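The next block holds one structure in the form of structure tokens; read it before the comments.
Here, each number is a calculation from the coordinates, and none is a lab measurement. Not measured: the values here are computed from a predicted model. All Cβ positions, glycine included, derive from the backbone under ideal geometry; neighbour counts span all protein chains shown.
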Amino acid sequence: MEKSLDLINTRIRDGDARVVTAEEMPAIVAELGEEGALKEVDVVTTGTFGAMCSSGAFLNFGHADPPIRMEHLWLNDVEAYGGIASVDAYIGATQQSETRGEDYGGAHVLEDFVAGNSVELRANSRGTDCYPGRSITTELVLADLNQAIMVNPRNSYQRYDAAANTTDRTLNTYMGTLLPGCGNVTFSGAGVLSPLANDPAFQVIGSGTPIFLGGAQGMVIGEGTQHSPKTGFGTLMVTGDLKEMRQDFLRAATMTGYGVTLYIGVGVPIPVINLDVVRSTAVRDEDITTSIIDYGVPSRDRPVLRKVTYAELRSGTIELNGMEVRTSSLSSFRKAREVAADLKHWVEEGRMEMVLPVRKIDAAKSARPMRVTTHTPLVREIMDYEIVTITEDDEITTAAKKLLRGATNHLTVLDREGRLTGIVTTYDVTKAVGGREGIRYVKEIMTRHVITTYPLEPVDVAARKLKRHNISALPVVDPEGKVAGMLTAIDLGKLIGRRETK
Amino acid sequence: MKLLVTFSRKKGREPIIAKVVLETGVLINVERAYIDAMEGEVLIDVPDEDYMRIRDRMTELGAIVSLLEHAIRRDEHECIDCGACVGVCPQEVFSFDEDWKITMRDERCVICGKCLPACPHDALSLVQ
Ligand code: SF4
Ligand code: SF4
């Protein structure tokens, strides 16, 4: 059984199309059956409102007099890409301000424009015979621009991984604040309302599909970057006119410690043309699963802690390792509902008609990881294999001698089995000697809570540990628990030397 | 009710809280405390009906007592009802209502500050 798109559009034009949101659809299918639902429902509207980092807009400013070919330009101190003709630029949502850091960025520029605020454009150029202008500074509002066309390379993920953190410190990530010891789980996506979750096979969503974007009528360009429907992570590239967007559906945000991002509302109407569409739009939160990923592991292939459904995530708490853990959503379900409801009105009022894809999106693709041709340095390549060790029960004077003789600033404290129990630095010894009387043994001055690295850890990750804890060395512990060496700030210096001389 | 008690140690080293508990027989719950050599700031929770008594006695003993109400503030224009604050607050101040809007039980807030950086929209602030 099928229903023609013409019939649906005729009904839309006549104002008697039956339009429902994706949240309402499962109950309708349960009540009327699949065939009944196909007859009854013409369009299902979806919606999502969440952080979509991969967003931005092409702007055209018009020509100044004397004309300038803008090479480098900034909007409220946020750099925009000027490598496209003389007065065009692309402003990306995550680019940070050069003066305000992560508090202000490309997303804020977009929001300021949409809110009607004025934005300072600053640009420079080397000057050419045809474009003699070399610098310009001006205040602009959105109405001053000829075009402001949002083009978002990757929006509307089919679903997102949820996040938790097994380490013992708080992590600030693009998945928000992750409390230590799996103290919370964060997730994103509108589940039942999510556009691609309602058409995972890309039957009716494709190039040319009309959509809701930031409050304006936009369009799907085609597959988004990182599009990986085979693994359940399809994405869309979308476009819309920034000049028609509303602040209600376009909001700048800052993920503390990560940076700027844009929250934007995206909704896709799905014409119910056959039973396959009925089935895919009958999807419920219970049917959409995702994985909780451990963000405590700083590598691309982070371990999955468990599988979970959106119904569980949205319930407020889930069970993780036998504990009740609270969940936080990063995207707004209330706003996702507003998007789907607005879109529903548009279709009901005949303001948007349905179009089948002018070009289909590949539903079997999967994204590949980056091919890295240069080698990522590992700790074992630059660590110091010569370590000077001591035991807890040695006297401080022994430590002082060892430090002098070993020409090092760090002593590794080992127990009888050769396991690491602490670390003593030149500073600890000096302080003990110059300080209060009666301190005699290493165990009285050593640091017991030692931050360590391991031979196969990427140097960049180890360097972050040094910086974060404000320390100068990390003992390198091998898989057997033995201390294999020491990584110091000096070793890192060697690496920088090596990179530069290449 | 939550009270913020600030005292300076210059005025002697009397254990104000212990003393007030003994004298009044009211059980005081200490939610948070910052104390250093010279001064202290303690956030306490007391039963509503005993609030006046406790406040007056502590003031007599030289402390500055202020009632903490609506310490956490949410800018409703900035808030988009995402829920990023929900899971990080140790006091379960935030929750969703049936329309997926955020509601707050702000009387539970112990001004720990955890939710502030967790809000992507900079909608939360603590009243000074
Ligand atoms: S300050 Fe702390 S207790 Fe108060 S609402 Fe925020 S997280 Fe909760
Ligand atoms: S995290 Fe901020 S924006 Fe999100 S619901 Fe809480 S207060 Fe609102």
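Quick notes
- In sequence order, calculated HN-Hα J values of the stretch A:194-200 (Karplus, 6.51, -1.76, 1.60; Hz; x Gly/Pro): 4, x, 6, 5, 8, 8, x
- Taking every alpha-carbon pair under 8 Å whose residues sit at least 6 apart, chain A reaches a relative contact order of 17 percent.
- Within straight-line cross-link reach of residue A:482, aspartates and glutamates at Cα separation under 13 Å, skipping those fewer than 8 residues along the same chain: A:415, A:417
- All Cα pairs of the stretch A:109-253, percent lying beyond 20 Å: 64 percent
- Label zone at residue A:440 (point 7 Å along Cα-to-Cβ), backbone N below 15 Å, the stretch A:393-419: A:393-399
- Residues whose amide H falls under 5 Å from that of residue A:457, counting only those 5 or more places apart or on a different chain, are A:379, A:380, with hydrogens built in the peptide plane.
- The largest-to-smallest principal axis extents of the Cα set in the stretch A:1-136 are 69, 34, 24 Å.
- Ranked by how many other Cβ atoms sit within 10 Å of their own Cβ, fewest first, the residues B:1, A:383 fall in the order B:1, A:383.
- The distance between label points at residue A:315 and residue B:64 comes to 4.9 nm (points 7 Å beyond Cα on the Cα→Cβ vector).
- Label-point gap, in nm, between residue A:373 and residue A:4 - each point 7 angstrom along Cα→Cβ: 5.5 nm
- Global geometry of the protein assembly as shown, whether rounded, prolate or oblate, following the gyration tensor of its Cα atoms and the 1.5 cut on a/c: prolate
- Shielding by partners, peptide A:329-339 (average Cβ within 10 angstrom, other chains): 5
- About its Cα centre, the dipole of chain A is roughly 1560 debye, where the only charges are +1 on Lys and Arg Cβ and -1 on Asp and Glu Cβ.
- Angstrom value of the Kirkwood radius, inverse mean 1/r, which spans all Cα pairs in the stretch B:2-67: 11.7 Å
- The mean sequence distance of close C-alpha pairs (under 8 Å, at least 6 residues apart), as a share of the length of the stretch A:20-107, puts its relative contact order at 22 percent.
- Residue exposure sequence - B:70, A:72, A:108 - by fewest surrounding Cβ within 10 Å: B:70, A:72, A:108
- Available extension along the chain between residue A:144 and residue A:14 is 43.0 nm, counting 0.36 nm per residue and deducting the alpha carbon span.
- Take the Cβ atoms of residue B:95 and residue A:386, set R0 to 56 Å, and the FRET efficiency comes out at 0.45.
- Fewest-first sequence of A:492, A:411 by Cβ atoms within 10 Å of each Cβ: A:492, A:411
- Filter on A:39/A:243; A:401/A:443; A:401/A:465; A:465/B:114; A:402/A:443; A:365/B:101 - keep pairs with C-alpha separation over 26 Å: A:39/A:243; A:401/A:465; A:365/B:101
- Rg and Dmax over the alpha-carbon atoms of the stretch A:380-462 stand at 13.6, 43 Å.
- Mean partner shielding of peptide A:28-41, defined as the number of other chain Cβ atoms within 10 Å of each residue Cβ, is 0.
- The stretch A:379-501: antiparallel DSSP beta bridges as a percent of all, rounded to 5: 80 percent
- Cβ-Cβ FRET estimate between residue A:231 and residue A:407, R0 fixed at 56 Å, reported to 0.05: 0.60
- Other protein chain C-beta atoms within 10 Å of residue C-beta, averaged over B:94-102: 3.
- For chain B, the longest principal axis of the alpha carbon atoms and the long axis of helix B:51-60 meet at an angle near 50°.
- For the stretch A:174-189, backbone phi angles converted through the Karplus equation (6.51, -1.76, 1.60; θ = phi - 60°) give residue-by-residue couplings of 5, 9, x, 7, 10, 6, x, x, 6, x, 7, 10, 10, 8, 9, x Hz, Gly and Pro being listed as x.
- The aspartates and glutamates whose alpha-carbon is closer than 13 Å to the alpha-carbon of residue A:360, local same-chain residues fewer than 8 away aside, are A:199, A:223.
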